[in-house]
Amino acid sequence: MAKTLDLITIGRSSVDLYGDQIGGRLEDMGSFSKYIGGSPTNIACGTARLGLKSAVITAVGDEHMGRFILEQLAREGVDTRGVKVDPDRLTALVLLGIRDDARFPLIFYRADCADMGLTEADIDEDFVASARAVLATGTHLSHPRTAAAVLKALELAKKHGARTALDIDYRPNLWGVAGHGEGESRFVESAAVTAKLRATLRLFDLIVGTEEEFHIAGGSTNTLEALRAVRAVSDATLVCKRGARGASAFVGAIPGSLDDGQTGPGFPIEVFNVLGAGDGFFSGLLRGWLTGEDWPTSLKLANACGAFAVSRHGCTPAYPSLTELDFFLGRGVLRPDLRNDQPLEQIHWATNRSREHGGDFSTMRVFAFDHRMQLEEMAGASPEKIGAFKQLCLAAALRVADGRPGYGILCDNRLGRAALHAASGSGLWIGRPCEWPGSRPLELEPELGADCGGLGEWAREDVVKVLVFCHTDDDAATRSRQEATVRRLWEASRRNRLEFLLEIIPSKVAPVDDMTTATLIRQFYAAGIFPDWWKLEPMTSRAAWANAIAAIEENDAHTRGIVVLGLDAPEAELGLSFATAAGFPLVKGFAVGRTIFGSVARDWMTGAIADDAAVAEMARRYARLCGLWDEARASATEAVA
């Protein structure tokens, strides 16, 4: 069978609830961030981020947390065919905290959890046969039922010529030799655990563990003696993780010192969070092992990935993309707290954000009905009627999208709350405005709060959008004030892991030329603001578009892209601007509003048309604009070809 996968991991999956308050007791945590977790799940994601084709065999409950894991795995690019949905068991949960640089309290909620319900029947031979390597983790050897599943997967891997690896991953309380409150414990001697592990070691080509984990596998608290005991029953390459001293790989006989093993360069990193660092390390090691690197190179990759994990909050979210890893290895360490290294964090965010904010938005056809002032000024309008009308706008957007990717909306919360909330989970891209309508200098919606703390209540899929009326002729005070407001909002967006769209409209301030927008873009980057999306005026000059795009690309090679705004332009005029913009790949589409809803809203507010007619007409106009954009892009593509 063709090897379509690089790696299958098997074992634990969980929802990790990480305490947000650093330095406090787990008892005192007031809020938690939610991530996926469990060693094999982390490693599957970590290797996928590094470009491997990875899959995981595990199980989740048939409930919200199980669906979260499945959806997040898909966003991470992990094959989920081996994930069993168990109707009888709940998804595992883990509560974790960061007390200081040496204490990391955690509680496992795993009593008869879904992944411990794996059986031999859940192991599909064809699926295992499709992988170049299979990795098991120690926890699932702790119970006869799950151990049988793991052993079957390993035997099938051997049968079909796959490599095998073991992450010893010793958690004493998951083996029943420590209490529930001792989740942080990494070592308790147990002859029974040693015997179970020892019986499986012959099945592996690669075995990885800390010194304490080799102590339990080898049955000795002397690391060299433990390694020799493992070597007596296994020909595997043994990789011993040694914390700040890096790691050593042993291919043959165990030498007289751990320092005599093969090593890779380490990285002087501040210890912020050790939880999940071993899984990051193993991800980098597998990247090297499965791409044919030697052990020093593989260990260098492993040490670097472990360094990322040690310096950040969470497990899987901390792991690097391949682009990020290459940048780090090429540039080196500038500061030991990597999470505060702004150039590195920008690459981390930009190359991993699609794994948190899924969906295919390589084409952006956005119906913008986030307007407030324009609707409030219409005859017959009231907050209640505006809210009801925005629900009709959403209905039109959903009708045109029809479940397909590449469609979206812009909708506000103050007047459009019902539509905004109804759109969540629909598959639409959702942008949400923050500016006080018409303000110059820029003011933000009061509901955000002076510190933009209101973003903490936003749905994770919402994109922060802010419109700035600005111009290159602005005086220094106006420019400084507006940039400071945008920077404050952008920083709060990142803090809440929300994408950010910056819309700039200079033509409403003063006349523009082919360099105006490009100069403004450079000014915002110089102010330390890195939008995920740009929303720009419909420029008809190719030179103006080329200048703007050059300004973006020289500052951010990983931007999501640009959408063209409408400014209530007639459809024919928009069609002309689309024809110019579509010739630039960085322009992903449009975000147009009043051209679609303007006259419909005026008629609906006065009762001239009913709901169904309003939805039908807006859907017709929206679909027509989508067609114009698609035609413009197709023509531009043909011209290049």
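The values are calculated or read from the model by the stated rules, or taken from the named source; none is laboratory data. Source: prediction; values computed, not measured. Counting neighbours? That spans all protein chains shown, and the Cβs are built from the backbone with ideal geometry, glycine included. For the accessible areas, the whole protein counts, side chains as well, though only heavy atoms, and no ligand, DNA or RNA atoms are used. Shrake-Rupley method; radii C 1.70, N 1.55, O 1.52, S 1.80 Å.
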Any hit, the range 403-410, residues being over 25 Å from A613 (Cβ atoms) and not β-branched (V, I, T)
yes
I'd like the residue in the range 432-445 that is of a type outside the set (D, E, K, R) and under 29 Å from the mean Cα position of the chain (by Cα) and, out of all such residues, is nearest to E461 (Cα to Cα).
P433
Of the conditions (1) part of a helix (DSSP H, G or I); (2) touching a helix residue (DSSP H, G or I) at 6+ places or on another chain (Cβ under 8 Å); (3) not small (G, A, S), the single one that V188 does not satisfy is (1)
Report every pair of residues separated by at least 6 positions or lying on different chains whose Cβ atoms are under 9 Å apart, first residue within the range 548-561 and within 20 Å of F590 (Cβ to Cβ), second at pLDDT below 95 and not β-branched (V, I, T).
A548/M539; R560/R353; R560/S354; R560/F361; G561/F361; G561/S362
Please specify each residue of the range 556-574 satisfying the condition of being more than 27 Å from the chain's Cα centre (by Cα) and either buried (at least 17 other Cβ atoms within 10 Å of the Cβ) or of a type in the set (A, V, I, L, M) (or both).
L565, G566, L567, A569, A572, L574
Kindly provide the set of residues from the range 274-299 that are among the polar types (S, T, N, Q) and crowded, with 20+ Cβ neighbours inside 10 Å, ordered by number.
S283, S298
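Find the strands (runs of 3 or more DSSP E) located wholly in the range 484-584 whose residues include 1 or more that are out of contact with any Cys (no Cβ under 8 Å at 6 or more places or on another chain) and over 30 Å from G453 (Cα atoms), and list them.
By residue number, no strands (runs of 3 or more DSSP E) qualify.
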Across the range 521-541, what is the total count of residues that are surrounded by fewer than 23 Cβ atoms within 10 Å (Cβ to Cβ) and either touching a strand residue (DSSP E or B) at 6+ places or on another chain (Cβ under 9 Å) or at pLDDT 95 or above (or both)?
11
Here the residues within the range 335-364 that are assigned to a helix (DSSP H, G or I) and aromatic (F, W, Y) are W349
Every residue from the range 202-213 that is out of contact with any strand residue (DSSP E or B) (no Cβ under 6 Å at 6 or more places or on another chain) and open to solvent by less than 10 Å² (accessible area, probe 1.4 Å):
G209
Looking at the range 431-464 only, could you name the residues that are without any contact (Cβ under 8 Å) to a residue 40 or more places away in the chain and in a loop (DSSP other than H, G, I, E, B)?
W436, S439, E445, G449, A450, A459
What about A639, is it more than 27 Å from V466 (Cα to Cα), out of contact with any Phe, Trp or Tyr (no Cβ under 8 Å at 6 or more places or on another chain), among the aliphatic types (A, V, I, L, M) and not in a strand (DSSP E or B)?
yes
In this structure, does T146 turn out to be surrounded by 18 or more Cβ atoms within 10 Å (Cβ to Cβ) and within 20 Å of E182 (Cβ to Cβ)?
no
Residue check: is A199 on the phi < 0 side of the Ramachandran plot, out of contact with any strand residue (DSSP E or B) (no Cβ under 8 Å at 6 or more places or on another chain) and either open to solvent by less than 10 Å² (accessible area, probe 1.4 Å) or not polar (S, T, N, Q) (or both)?
yes
